[in-house]
1. Go over the candidates B:Ala292, B:Ala280, B:Ala298 one by one and state the one that is under 28 Å from B:Ala73 (Cα atoms) and aliphatic (A, V, I, L, M).
2. Of the residues that make up the stretch B:60-78, is at least one in contact with a Phe, Trp or Tyr (Cβ under 8 Å, 6 or more places away or on another chain), closer than 22 Å to B:Arg159 by Cα, at pLDDT below 95 and of a type in the set (D, E, K, R)?
3. Can you find a residue that is in a helix (DSSP H, G or I), in the same structural domain as B:Phe328 (by TED's automatic domain parsing), crowded, with 23+ Cβ neighbours inside 10 Å and aliphatic (A, V, I, L, M) anywhere in the stretch B:165-172?
4. Here are some conditions: (1) crowded, with 24+ Cβ neighbours inside 10 Å; (2) at the interface with another protein chain (Cβ under 10 Å from one of its Cβ atoms); (3) not hydroxyl-bearing (Ser, Thr, Tyr). C:Ile158 meets all but one. Which one does it not meet?
5. Does any residue of the stretch C:158-168 turn out to be within 26 Å of the chain's Cα centre (by Cα), among the charged types (D, E, K, R) and at pLDDT below 90?
6. For a quick check of your reading: which helices (runs of 4 or more DSSP H) sit entirely within the stretch A:103-187 and have at least 2 residues that are over 14 Å from A:Phe217 (Cα atoms)?
7. Restricting to the stretch B:190-204, and then to whatever is of a type in the set (A, V, I, L, M, F, W, C) and farther than 15 Å from C:Tyr248 by Cα, can you tell me which residue is farthest from the other protein chains (Cβ to nearest Cβ)?
8. Which ones in the stretch B:205-230 are more than 24 Å from A:Ile218 (Cβ to Cβ), away from chain C (no Cβ under 12 Å) and surrounded by fewer than 22 Cβ atoms within 10 Å (Cβ to Cβ)?
Amino acid sequence: MATVVSRTVIPGFGLTLGFSVFYLSLLFLLPVAGLLIFTLQMSWADFWRAISHPQVVASYKLSFGASLAGATINAIFGSLTAWVLVRYRFPGKKVVDALVDLPFALPTAVAGIALVTLYSATGWVGQYLQVWDIRIAYSEIGVIIALTYIGLPFVVRMVQPVLADFEKELEEASASLGASRWTTVRRVILPAILPALLTGYALAFARALGEYGSVIFISGNLPYRTEITPLLIVAKAEQYDYQGAAAIGVVMLVAAFLLLLLINGLQWWTNKRNGGAI
Amino acid sequence: MKISTLVKHLTLGTILAASSFIAVANTTILNVSYDPTREFYREYNQLFSKHWQAQGNTAPTVRQSHGGSGSQARSVIDGLDADVVTLALAYDIDALHNNGNLIPADWQSRLDKNSSPYTSTIVLLVRKGNPKNIKNWDDLVRPDVQVITPNPKTSGGARWNYLAAWGYALKEYGSEEKAYEFIEKLFKNVPVLDSGARGATNTFVQRGIGDVFIAWENEAILSVEQLGKGQFDIVVPSVSILAEPPVTVVDKNVDRKGTRKVAEAYLQHLYSDDAQHLAAKHYYRPSNPAVASQYASAFPKVNLFTIDEVFGGWTKAQQTHFNDGGVFDKVLESINKNR
Amino acid sequence: MTDVSVAIPAKPLVKATTEPRWVRYSLISIMLLFLSLFLLLPLSVVLYGAFEAGLRVWWQAVTEPDAVAAIKLTLFVLVIVVPLNAIFGVAIAWAVAKFEFRGKTLLVSIIDMPFAISPVVVGLIFVIFFGSHGWLGPWLQQHDIKIIFAVPGIVIVILFGTLPFVARELIPLMQQQGKDEEEASLTLGASGWKTFWYVTLPNIKWGLIYGVVLCNARAMGEFGAVAVVSGRIRGETNTMPLHIEVLYNEYMFTAAFAVSSLLTGLALVTIVIKSYVEYKDERKHKTA
């Protein structure tokens, strides 16, 4: 499938690529292919009916919309967090740095329970928002909060190493050429972190799309309104409708895959255009 | 190479771990049950162990698995090695027959009382002092009342809730159309639709959402007694449904494993006086009338109808109301349209 | 790791490559506020819930037999999952970073996919394969081999879910480091393995450790997929997250939070170890 384009003295191409492809195939491609084949056993009409029911479509809107919102929040505040962690000194920095990985570590169900404890009308934070008539738990905002939470580490951890390795000479050069600080950030630093930022964004988005455990506690799960797509997949499976569940699963899968492919393609393209700027 | 030996050890470890689950002695049985029965079966297993040993047998080991009734049934269909299942509704057990023929079609007539050694009913849990003055099902469709119930699509318990309300409306207003309108109004008042019964309890009790919670009687009493003493009252509606959580031996599994004898004894003993008292202790209504009469004060008399009388059995009720495109889907659709 | 706080000789340039004090402070504040809302508060809820009733209750909750069984199972799964995914991560990063080949973008996109697949669907996939009515189910049953509703099934879904973590850390790192050092070592006559152990591995050590830490954390916390394939047999196939759910559904909130705090603690400990090793290494470099 793959051919080496450029010659190199480095060994292990066959071994590493062979092993990687084998491992990926066995553990990932084969199961996913299985899912696709399983869905193909359905007739087109059945498949279409399963994935286009108004209730399902409403759940796509929520799942995609909230994932997009969560990933965007993460892109902004995640880059900011990475920047602060790399560039500034302040007490407790190490602790904050370690804390960023928390959403990976805490089981999603626990996160869901913790978030709803905080943001429900009787919760630590929710009771104060209640005064302003802002409802977070059991609304779309609750879904966005949960999805922001679980995607938070992705952007930070993608951008952080790039910023850390960023050579200050470039900034100095830019500054000595008379660029303002803001221009340097915008024109020199931002392009350098953009590929990593995009990857982080895509991963946060993709992860949010499939999230189940944390969201169901805080979303309210009202059909047509606050019901996410993974919950519908579970509901279908509970009714022994595995094909219907798999069909919706495939839709989510294809969407996520296209997105990741797009982002990786974009990254490859920017790398190429920059011609190895770093 | 160190790594390869490590991998070898690990593979070996996996195989050993896997095989330890294959080699089960034939007095070890697995009881696959639903969420609210944990406390009951924990005590019952000790009771049964004593009984079984008193008959001159070796001590049995009962493994327990608990989860949502529907997903538990699905696991058994997909290969979870249950010797007995003790679930929330007959439909979930029917599924074991319909998908994979694990049990015969007439499973429910094999044990007394529709194979339901303990029963319950659907009641209304309200906040202390009943501030919204909720007396009966009719109050649940008032526009100023918020109702908490789990989603009938994913929760077996919630299907009982739905059918209880439907059955009431049908009796009170006399037609299917009226009953439909009633259910639609009721679900319009639902602000949170949890996927499971215990999740819904937490929403009502811990989060303070809603004015009334439709619950199984045993769950409602548990909430009043243990979760929030003095914070809730139980309102018994004029009419409700007889909730029968049935039990059965999974024939295909017990015959393969050679556990039929102990599995059958396990279920049979649920009808013994000791077990019936234990069920009452865990707020289930004993199916033995003699034992039940001793707890008459704990379980108020309700005018109960059965699912067979009103809905023609679970299979029919499921098809009409809860399957895709069924009545409940239509209810959701029209609520969405009129929002 | 590059030391970012390295002194820069020319004074005016220092100013030009940082921000005014008020900007710095407000950025730090915004970040801290954001992280407090999303990370610190949920963590506090867990810790508060866990220790509210006192240390003794906490200890009872985590030493109760079912909890101990869940902890053991979770650790057992980790011992299998983490090394396998680490080896995979190194192998694929090597292939992607050191060589040019067609289909690379596709391959890299595929690596991220397990992040994107809903855990619920992951569980479903393996039920389709290994369930009684699945493709391999009847054969497995005939030979009395248990995959789902037993430990192997749990291992497989967690392998799947944590597949990308090490690879994800190493690929960008190794891509950035390029291949000059390895090429030099090889040209000087070192063998491929030697070059890997003495040149590449020290360079990627932090990325690798970090990837392992994340893989570890995520493997411990995996819930949705495990829930589908575990069968939830108490004391046998309940992992820590499933046990937490059990406790929560039993209205034993304190115990649920206690086990959660233990799980979080385990994850945080690995992160602290990583930070410590990193710090020691930095010092060694400075004194050298």
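1. From the options B:Ala292, B:Ala280, B:Ala298, the qualifying one is B:Ala280.
2. yes
3. Yes, the stretch B:165-172 contains a residue that is in a helix (DSSP H, G or I), in the same structural domain as B:Phe328 (by TED's automatic domain parsing), crowded, with 23+ Cβ neighbours inside 10 Å and aliphatic (A, V, I, L, M).
4. (2)
5. Yes; the residues of the stretch C:158-168 include at least one that is within 26 Å of the chain's Cα centre (by Cα), among the charged types (D, E, K, R) and at pLDDT below 90.
6. So the answer is A:126-131, A:140-165, A:168-176, A:181-184.
7. Across the stretch B:190-204, the extreme among qualifying residues is B:Val190.
8. Within the stretch B:205-230, B:Ile221, B:Val224, B:Lys229, B:Gly230 meet the criteria.
The values are calculated or read from the model by the stated rules, or taken from the named source; none is laboratory data. The shown structure was predicted, so the numbers you read here are calculated from the model rather than taken from an experiment. Ideal geometry is used to build each Cβ from the backbone, glycine not excepted, and the neighbour counts take in all protein chains shown.
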